[in-house]
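Novice: My questions will all concern the structure given below.
The values are calculated or read from the model by the stated rules, or taken from the named source; none is laboratory data. Just so you know, these numbers come straight off a predicted model, no measurement behind them. With ideal geometry, Cβ positions are generated from the backbone for all residues, glycine too; neighbour counts draw on all protein chains shown.
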Amino acid sequence: MFYDTRMEIVNSADFTTLKEVDADVQAYHKSITFEDGYTLEMTHRVFCPKDSSLQLYRYVRINEYIYIILDLKEWSDYLELFLYRCKPDFA
């Protein structure tokens, strides 16, 4: 893994930066379909060091885009995050 991208953990109320972490961001594609018919496309997978600030449904900013963490896997020494990119006018 190459932690070559700066990822910001942001406040969900006003999207101010709470913390910055280095991450390995990769393109990814997986669909989640909910029982009411909504489908979300996870667009990125991120590997990063463990950090208690990274939790499900927390928002992060990578470059100029806002993402929400839809799934999180904790491994022995790193986290694997699965992200959904929010619409451009979201924040």
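Novice: Of (1) at pLDDT below 95; (2) not in a loop (DSSP other than H, G, I, E, B), Lys73 satisfies all except one. Which?
Specialist: Going through the list (1) at pLDDT below 95; (2) not in a loop (DSSP other than H, G, I, E, B), Lys73 breaks only (1).
Novice: A follow-up question, please. Residues being out of contact with any Pro (no Cβ under 7 Å at 6 or more places or on another chain) and under 22 Å from Asp4 (Cα atoms): count how many of those fall in the stretch 17-61.
Specialist: Total meeting the criteria: 30.
Novice: Suppose we filter Tyr57, Tyr28, Tyr3 for residues that are in a strand (DSSP E or B) and hydroxyl-bearing (Ser, Thr, Tyr); which single one remains?
Specialist: Tyr28
Novice: Oh, and also: Can you confirm whether Ser52 is part of a strand (DSSP E or B), hydroxyl-bearing (Ser, Thr, Tyr) and at pLDDT below 95?
Specialist: no
Novice: Would you please name the residue that is surrounded by the fewest Cβ atoms within 10 Å (Cβ to Cβ), looking only at residues in the stretch 16-47 that are of a type in the set (Ser, Thr, Tyr) and more than 15 Å from Leu70 (Cβ to Cβ)?
Specialist: The qualifying residue surrounded by the fewest Cβ atoms within 10 Å (Cβ to Cβ) is Thr16.
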